[in-house]
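Input: a single structure, listed below in C-alpha cells.
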Amino acid sequence: MDARQARHLHEERLLAMANVSGVGTGRDEESGEDVVVVFVTRKVPRDGLRPEDTIPDALEGIPVRVLSMDDPSDP
C-alpha cells in the first residue's frame, strides 16, 4: 500500500478528530520516504487528547507526519 491509498482509507476518520483540518501526502524531508501528512490547527501533547483523537504514528505501515497550521516553523 502506498501513502495515497493509506490516506484515502483513513481520511474520513482523521478529519473527524479534534484539531485536524486536513489530510494529504508528501515526502519526509529527512528520510525521503512517502508519508501521510495530517494538518492540525494546533499541536496538543498526546496525554492531552482523548484516545479517539490521537493521531497514529503510522497508517497501513506508512509513516504519519503532523504539521501544525499555527506554527510556520513546525517541521
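The values are calculated or read from the model by the stated rules, or taken from the named source; none is laboratory data. Everything quoted here is computed from the prediction, not taken from an experiment. Glycine also receives a Cβ, built like all others from the backbone with ideal geometry; neighbour counts cover every protein chain displayed. All accessible areas refer to the heavy atoms of the entire protein, side chains included, with ligands and DNA or RNA removed. Shrake-Rupley method; radii C 1.70, N 1.55, O 1.52, S 1.80 Å.
Of the residues Ile55, Ala18, Val35, the one whose Cα sits farthest towards the positive end of the charge dipole of the chain is Ala18 (charges of +1 on Lys and Arg Cβ, -1 on Asp and Glu Cβ, taken about the Cα centre). When +1 charges are put on Lys and Arg Cβ atoms and -1 charges on Asp and Glu Cβ atoms, the dipole computed for the chain relative to its Cα centre reaches about 220 debye.
Antiparallel DSSP bridges in the chain: what percent, to the nearest 5? Taking every DSSP beta bridge with both residues in the chain, the antiparallel ones total about 65 percent.
Using just the helices of the chain, give the 222 nm mean residue ellipticity in deg cm²/dmol: DSSP H runs with n ≥ 4 each add -39,500 (n - 2.57), and the total is spread over all residues, rounded to 500. Write down the numbers at each step before the final one.
Details: 1 runs with 13 residues, N = 75.
Helices in the chain give a 222 nm mean residue ellipticity of -5500 deg cm²/dmol.
Accessible surface of region 31-71, 1.4 Å probe: 52 percent of it comes from carbon and sulfur atoms.
Within the shell defined by Cβ-Cβ distances under 13 Å, the residues around Gln5 carry a net charge of -2, with Lys and Arg each +1 and Asp and Glu each -1.
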